[in-house]
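Below is one structure; the comments refer to it alone.
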Amino acid sequence: MFADETSPLILEASDLIEATFTPAELEEIFMTDWAALTADDFYDNALLAKLYLQVYQITGNALFLGVGTEILDYVLREMVAEEGGFCSTQDADTEGEEGRFFVWTPEEVHALLGADAAEIFCAAYDVHEIGNFEGKSILNQPVGLDDVARDLGCTRGELDAVLGDGRQKLFSARARREAPGRDDKIQVSWNGLMITALALGYQVTGEQRFVDAAVRSSEFILSRMVQADGRLLHSFKDGRARHNGYLDDYGGLMNGLIDLYESTFESRFLGQATSLAEITIEQFWDDGGSAFFYTGIDHETLIVRSKNPYDNATPSGNSLTCLALLRLGAMMRRDDFTDKAERTLRRFQPYLKETPNGFAQMICAADHALTGGVEVTVVGTDGRDALVEQAHRVWTPCRVLAVGRDDNVPVTREYEETGNLATAYVCRNQTCSAPMTDPDDLRKILAVVGFESQARISHQD
């Protein structure tokens, strides 16, 4: 069951002034904000933004959309490096004190909001004299807002107005505090995850700033973090890119580039992803072991050249690469890509059966391989945007989306327009729907596909 918009649980892991998450908050769900005893890791926010946006697609609950987009807004405001790309972390401490930037006292809230509004704000967000973090209060929501409104004797609309105004005033006041430090190292793998999240943010909302930021990150990486032969470098700091890229750098960026294609339909992104896929196979593939090494053949010599399949705080390189190769295999009609992905999944199949909770991303790739994925292709221009909007907004697991007849995207050459109208085709395992020109017809068939996926997941549980 999904929480409704009055549930406290969803907001208890986020900074209620600006939605973002720290690793400790994810482990300690009932205490929130950035005052956790660890830095704010960029990858957590990339993965959570994607998750909240997908849950919004499934439920239509605006709460999830708000959290997802506010995470992305935070990233664009705080984590964009001067050189381009996204920084790695933001610290939790300032002036030698853990959480100082993020905590509040009742006196501070009263000074900013006035007595009446402050009483409401503090009641809703757990601000009190004792505090909940070293004598001060991290904003969190332990009680549903409908219950808060009832206890205070006000309407939900009145409560929301006070809280919205209060959050904005506290945010402005906090901006005058000494800001926490930032690790401005740019890592390809984490940037790839955020490119994916930003692309999804654009697809769900239509907000151009999200996809523009994702494009800038990809262009920075491909212009400043690539060697002469096309191989990636892992990180960039102090004006210099260094260290050979690892498998998760390639896997994360490939998926990000595919997501950019599915947002902009510029075939250059698929071309870049295809080139990286070919380098990945050349550098990391173990034909005898049927999986990908973590390091490339040109990496420094290690005692053990491992093949890590486990999805931990971030998805593993093997999982990301499998998913990217399956997607590219479908769109570029590259059976060699599909074959490598399927061989990798078979190699790790016993692990998935034995400890599935350690392979969340790889199970997604396995689902894609087993179901054959869902190919959505839109050709033609008259009415195209309305069809694309449905493909973007409806949650469709294992979907690949191609638009326009483009010689650089082989899948698009297989379909014809219906008269002068843009036409959509939905295909799975070489079986296709009738051509559709009505956006509502496309929405309905994609919703059925999404429902089938939910039913399959529930049955497996």
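The values are calculated or read from the model by the stated rules, or taken from the named source; none is laboratory data. Remember, it's a predicted structure, so these values are computed and weren't measured experimentally. Here Cβ is always computed from backbone atoms with ideal geometry, including for glycine, and neighbour counts include all displayed protein chains.
Conditions tested, residue by residue: (1) buried (at least 23 other Cβ atoms within 10 Å of the Cβ); (2) at pLDDT 95 or above.
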site: Glu282; (1), (2): no, yes
site: Gly296; (1), (2): no, no
site: Ser306; (1), (2): no, no
site: Ala313; (1), (2): no, no
site: Arg333; (1), (2): no, yes
site: Thr338; (1), (2): no, yes
site: Lys353; (1), (2): no, no
site: Thr377; (1), (2): yes, yes
Residues (surrounded by fewer than 20 Cβ atoms within 10 Å (Cβ to Cβ) and assigned to a loop (DSSP other than H, G, I, E, B)) located in segment 416-429: Glu416, Glu417, Gly419, Asn420, Asn429
Subset tally (residues that are closer than 16 Å to Asn255 by Cα and at pLDDT below 90) for segment 32-52: 1
Scope segment 207-265; condition outside any strand (DSSP E or B) and among the aromatic types (Phe, Trp, Tyr); matching residues: Phe210, Phe220, Tyr246, Tyr250, Tyr261, Phe265
Cβ pairs under 7 Å, 6+ apart, first in segment 99-118 and of a type in the set (D, E, K, R), second crowded, with 17+ Cβ neighbours inside 10 Å and not in a helix (DSSP H, G or I): Arg100/Asp93
Check on Ser263, over 23 Å from Asp339 (Cβ atoms), modelled with pLDDT of 95 or more and in contact with a Leu (Cβ under 7 Å, 6 or more places away or on another chain): no
Number of the exception - Lys185 against (1) loosely packed, with under 14 Cβ neighbours inside 10 Å; (2) under 26 Å from the mean Cα position of the chain (by Cα): (1)
Any hit, segment 221-242, residues being within 20 Å of Ala341 (Cα to Cα) and among the acidic types (Asp, Glu): no
Some residue of segment 133-143 being at pLDDT 90 or above, more than 22 Å from Gln90 (Cα to Cα) and either part of a helix (DSSP H, G or I) or of a type in the set (Lys, Arg) (or both): no
Per-region count, segment 120-153, residues out of contact with any helix residue (DSSP H, G or I) (no Cβ under 7 Å at 6 or more places or on another chain) and in contact (Cβ under 8 Å) with a residue 12 or more places away in the chain: 10
